[in-house]
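**Student:** The structure is given below, and queries will be raised subsequently.
Each reported figure results from applying straightforward, stated rules to the coordinates on display, with no laboratory input. In this text the structure is predicted, and so the values were computed from the model without any measurement. Cβ coordinates were reconstructed from backbone atoms using ideal geometry, including for glycine residues, and neighbour counts include every protein chain displayed.
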Amino acid sequence: MATTAERVLPAHVPSELAMDLPLFARERVYENPHETMIPELHATLPPIAYVTNIFPGKSAGWLLKRTEDVKALLQDSEHFIKRGMGKWADSIGEDWIVVPTEADPPIHSLYRRALNPQFSPQKMHAMAEGIRERARVLIETFKDNGECDFVNEFSEKYPILIVLDLLGLPQDRMQEFLGWEKDMLHTDDWDKRTAATRSAVDYLKGEIAARRANPREDDYLSTVFNYEIDGRKWNEVEILGHCFNLFLGGLDTVTSLSGLMFNFLAHNPAHQKLIRDNPSVSVVAVEEMLRAFGPVTSFRICSKEVEICGQKVMPGDYVAMSSVMAGNDPTYYDEPVKIDFDRRPAHLSLGGGIHKCLGMHLARIELQIAIEEFVKAIPEFRIKDGFKVPYFVGNIVHIPDLHLQWN
Ligand code: HEM
């Protein structure tokens, strides 16, 4: 792989703006990036930089660091599109898009018109008891052990159980789904990613066909058959692209954020106590931790020449918006490193503009319930003695392994 110095930059990219950044290295580090790398990048990086390792496979794209610039870009569908970003269908020789993630205007708003009511706060709150039960059962398996392997025993399983409940899919193959998800999202090995995508797509196709033959009254998958667009029902590839989107989008994000939140709480008993004393604090706590630890980096492709922060961005250029950079912008938030449950921040960690997270209400409920049930069942917890927390830095910042302990 060429280093930054050896790489031939496009003619419109000034060499002083081109760099590899450790925040996107796709590797484990043992320093907390929220306390070190991110504040340092805010202090040293120009408002727009050409980051040569920002995409999986170490390809390059522009990175914006300021909240206001990220917000403006999220709202700019005139110069930026999404189609062609993920290459999921391409990779297995098929032709469909992830719906609505890879859709652009005008069809994107037609998809969202069908989808938004299905993911409304009311519909998601109706799932709360089932979600709470999922959390309780998982916590039950380790609560008397005095310790847990948080990622393996809780945060990887929890969102899968919920998305499978939502889609009306069986729980018994959860472990296999987890394997596919990891290979799709956490590897640089293209063959592995392709094989896992093929398995997930074949599985979803099978379930869609089975449900088409025998629709059920009350599950989401059967509901999708009734979605309409321009006076017609969604076709087979739209249904597949949408199920694939939920399968992919609703798992890793919740796992990643949970790990970061529980790591923070394990290091900060005073913040834990605020929630123990008043469980409804979980609502503002989740919002503040979403701001600070938003794990996702979103991408767009430039479709029309435009100037951002004085720099020319050309058609075909990739642009990245890192939630964790935007959520820790000192020109937008006072003392961003400080976690203050009373801050009640506006943030971009669930996106913004037309692609704002479809599952945002569900995500919030999942995270709030996870915290509430954990502090209800488990006394003050901390990082297990002798355990060094690893942080994965890359386009989804997360904690791959987290061992907690309590008395
Ligand atoms: C903490 C958890 C979550 C985080 C941080 C998160 C973050 C995001 C972000 C930043 C976007 C915008 C991407 C972009 O602009 O390119 C997004 C979109 C999306 N999210 Fe989430 N998400 C979470 C949970 C979920 C869940 C639970 C679901 C569904 C079950 C979900 C489904 C989606 C979908 C379908 C989109 C695409 C929306 C569109 O393109 O119109 N997400 N999410």
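**Student:** Could you quote the convex hull projected area for the chain, Cα atoms only and averaged over all directions, in nm²?
**Tutor:** For the Cα atoms of the chain, the hull's average projected area reads 19.9 nm².
**Student:** Between 187, 101, 197, which gets the highest mean-square fluctuation from a Gaussian network model of the chain, Cα cutoff 10 Å?
**Tutor:** Taking springs between Cα atoms under 10 Å, the residue moving most is 187.
**Student:** Still on this structure: Averaged over every viewing direction, what's the projected area of the C-alpha convex hull for region 257-407? Give it in nm², one decimal, please.
**Tutor:** That works out to 10.4 nm², a quarter of the Cα hull's surface.
**Student:** Send over the per residue convex hull volume for region 215-293, Cα only, as a whole number of Å³.
**Tutor:** Dividing the Cα hull volume of region 215-293 by its residue count gives 150 Å³.
**Student:** If you take every residue apart from residue 316 with its C-beta less than 11 Å away from the C-beta of residue 316, what net charge results, scoring Lys and Arg +1 and Asp and Glu -1?
**Tutor:** -1
**Student:** What number in nm² do you get for region 152-304 if you take the convex hull of its Cα atoms and divide its surface by four?
**Tutor:** Computed as one quarter of the Cα hull surface, the answer is 13.2 nm².
**Student:** Go ahead and set up a Gaussian network model of the chain, Cα springs under 10 Å, then flag whichever of 147, 156, 94 fluctuates most.
**Tutor:** With Cα springs under 10 Å in the chain, the top fluctuation among 147, 156, 94 is at 94.
**Student:** Of 307, 236, 181, which has the largest mean-square fluctuation in a 10 Å C-alpha GNM of the chain?
**Tutor:** Most flexible of the set in this elastic network: 307.
**Student:** Around residue 325, under 15 Å between beta carbons, what's the net of Lys plus Arg minus Asp minus Glu among the other residues?
**Tutor:** With Lys, Arg at +1 and Asp, Glu at -1, the neighbours total -1.
**Student:** How big is the equivalent ellipsoid of region 3-127 along its three axes, where each semi-axis is √(5λ) from the Cα gyration tensor, reported in whole Å from largest to smallest?
**Tutor:** Equivalent-ellipsoid dimensions as semi-axes: 32, 21, 17 Å.
**Student:** Could I ask something else about it? Sort 369-375, 203-209 by the packing proxy (mean of other Cβ within 10 Å over each peptide's residues), most packed first.
**Tutor:** The peptides rank, most packed first, as 369-375, 203-209.
**Student:** Here's something else I'd like to know. What is the sum of charges around residue 41, taking Lys and Arg as +1, Asp and Glu as -1, for the other residues whose C-beta is under 15 Å from the C-beta of residue 41?
**Tutor:** Net local charge, residue 41 excluded: -4.
**Student:** Less than 19 Å from a label point 7 Å out along the Cα-to-Cβ axis of residue 406: which backbone N atoms in region 361-383 qualify, by residue?
**Tutor:** Answer for this model: 366-383.
**Student:** Further question: At most 16 other Cβ atoms within 10 Å and a DSSP loop assignment: could you name the trypsin sites (Lys or Arg not before Pro) in region 303-353 that fit?
**Tutor:** When the trypsin sites (Lys or Arg not before Pro) of region 303-353 are filtered for loop state and at most 16 Cβ neighbours within 10 Å, 304, 338 remain.
**Student:** Extension gain residue 387-residue 94, at 0.36 nm per residue separation less the Cα-Cα distance, in nm?
**Tutor:** Full extension of this stretch gives 101.0 nm more.
**Student:** Past the 15 angstrom mark, what percentage of all C-alpha to C-alpha distances in region 299-379 do you count?
**Tutor:** Result for the distance tail: 73 percent.
**Student:** To continue, here is another question. Treat each spin label as a single point 7 Å out from the Cα along the C-beta direction, and report the residue 354 to residue 377 distance in nm.
**Tutor:** According to this spin-label approximation, the distance is 4.2 nm.
**Student:** Return the FRET efficiency for the residue pair residue 175, residue 280: r is the Cβ-Cβ distance, R0 is 41 Å, and the value is rounded to the nearest 0.05.
**Tutor:** 0.75
**Student:** By average Cβ neighbour count within 10 Å, what is the ranking of 65-74, 322-331 from highest down?
**Tutor:** Per-residue Cβ counts within 10 Å, averaged per peptide and sorted highest first, yield 322-331, 65-74.
**Student:** Shifting gears a bit: How large are Rg and Dmax for region 56-213 when calculated on the C-alpha trace, in angstrom?
**Tutor:** Using the Cα atoms of region 56-213, the pair Rg, Dmax is 18.9, 55 Å.
**Student:** For residue 36 paired with residue 59, estimate the spin-label separation in nm (one decimal), with each label point 7 Å from Cα along the Cα-to-Cβ line.
**Tutor:** Label-label distance for residue 36 and residue 59, simple model: 3.1 nm.
**Student:** For the chain, what's the relative contact order in percent, using C-alpha pairs closer than 8 Å and at least 6 residues apart?
**Tutor:** 28 percent
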